[in-house]
Amino acid sequence: MSNPSPKAHLVRLAAVLVGVLVVFLIIKQMVVPDSWNYEEWYREGALALNASEPLAYGGNESCAACHQETNDELAEFKHKALSCESCHGALADHVTDGVKTAAAQVDDESTWQCLNCHEARVSKPEGFPQFDKVAIKEHTEIEEGMLCLACHTPHDPTP
Amino acid sequence: MKNMKKIVEMEMPSIPDSRREFLIRLLEGTATATVLMVFGPGASAHGPETGISGSLEPAKHNYAYIIDINKCIGCGNCVRACKRENSVPADYFRTWVERYVVRADGVYVDSPNGALEGFEKLNKKFRDNIQLSRTVPKMCNHCHNPPCVQVCPVGATFKSPEGFVLVDHDYCLGCAYCVQACPYAARFINPVKHKSDKCTWCYHRVKKGKLPACVTVCPQKARLFGDLNDVESEVSKIFEKDHWMVLKPEMHTDPTCFYIGLPREVV
């Protein structure tokens, strides 16, 4: 019986290392996404994933598609710079696939939507039209629980 | 004196040699490390610093977001729109508004429910002696050099070719390293998806030619979004003439979210 080769342990070690390398490469092949970008280190498929989120807000141009008249009138109004959806809510809550599903929500039974912007706060810029709560109370004393909308048009709230 | 010099020379003959050796080795080590850093496997993984843009087409757009503090009224329209547009769960915010109150006795900051319903009036006692008060919208700064991208162990957060810092929801583990890394506290773990979540500058909207939801609804045009490569765009014009600032410049994150009229008390 001949002695085992003095280099047998090295061969075994090399075999084990090659085996580990092969397993590593197989696992790497399996877990690295196909569209992996090695330069910037991200999965390119994630861009499409992010872009596929549904839209809720359409912008004024979407509103004008049906409400062209109102949109044209607005050009002259005080609140012309405002987005329709600031007060009327998101397009997706009103229209789905071009079909009206629900009335555009606007809170016309309380004053919060007016006061949310126009109630006086020290943090608001000086030039912004804002009214102190006490002044508003005195101003609306005529009737209990009087709404701003009773006198002011929301699209063109000139005094 | 003459003797002493002789002794020194005699006793330490090897010092110049070993120093030379040491310096040569040090040089070799430094050179190797530099070569590895510049050309090594992980070199281009994380950053614009290397100047390697890779196989991507050169950026056509240079998007910027501008927030004008002197126009913001703290109405919270942006916060509500962001919540609706991106289905952000209750008590979590991709954008929020902070109210800074500067008084002689200190700086006070509040953001009740992220300013989802605006701000309550400050009480009379507190309102006196205010030196300055401003509402400051906050969000992801979409940094050129984002710390959140550097720390992600699986490459699930990244800077898109257009400059948006985005999250790959399919590969995010929810380990929250990025949440800790963000100096602007813009990230959170979405309690529904259990994934990292943040402002995307409404990537899905911008891709379809719309503005981000917060920009769309802002009644004061305090929030603007546009392309700095387009010299005719509103942001370019403002960017040129105004004294803009960024949040936490000392962090060297190089944000693309610029503030106008930012009081120095704001952090």
Q: Name the long-range amide H neighbours of B:T157: under 5 Å, sequence gap of 5 or more, or other chain; modelled H, no Pro or chain starts.
A: B:D168
**Q.** Net +/- balance of residues flanking A:C114 in space, Cβ distance below 11 Å, scoring K and R +1, D and E -1
**A.** -3
Q: List the residues whose amide H sits under 5 Å from the amide H of A:N37, counting only those 5 or more places along or on another chain, with H placed 1.01 Å from N in the peptide plane.
A: A:Y42, A:R43, A:E44
Q | aspartates and glutamates with Cα under 12 Å of B:K71, excluding same-chain neighbours fewer than 8 positions away | A | A:E126
**Q.** Normalised convex hull volume, the protein assembly as shown, alpha-carbon set, Å³ per residue
**A.** 284
Q. Setting aside same-chain residues fewer than 8 positions from B:K195, which aspartates and glutamates have a Cα under 19 Å from its Cα?
A. A:E44, A:E53, B:E85, B:D91, B:D168, B:D170
Q | Rg/Rh (Cα only; Kirkwood hydrodynamic radius) as it applies to chain A | A | 1.47
Q: Enter the per residue convex hull volume of segment A:107-159, computed from alpha-carbon coordinates, in Å³ rounded to the nearest integer.
A: 89
Q: For chain A, set up a Gaussian network in which alpha carbons nearer than 10 Å are linked by springs, and say which option among A:V11, A:V32, A:V122 fluctuates the most.
A: A:V11
Q.
What are the extents of the Cα atoms of segment B:62-267 along their three principal axes, in Å, largest first?
A. 52, 41, 33
Q: Please sort B:96-107, B:78-89, B:240-251 by packing, taking for each peptide the average over its residues of neighbouring beta carbons within 10 angstrom, highest first.
A: B:78-89, B:96-107, B:240-251
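Every number here is computed from the coordinates shown, using simple stated rules; none is lab data. Note that the structure is predicted; figures quoted are calculated from it, not measured. When we count neighbours, we look across all protein chains shown, and the Cβ atoms used for this are built from the backbone with ideal geometry, even at glycine.
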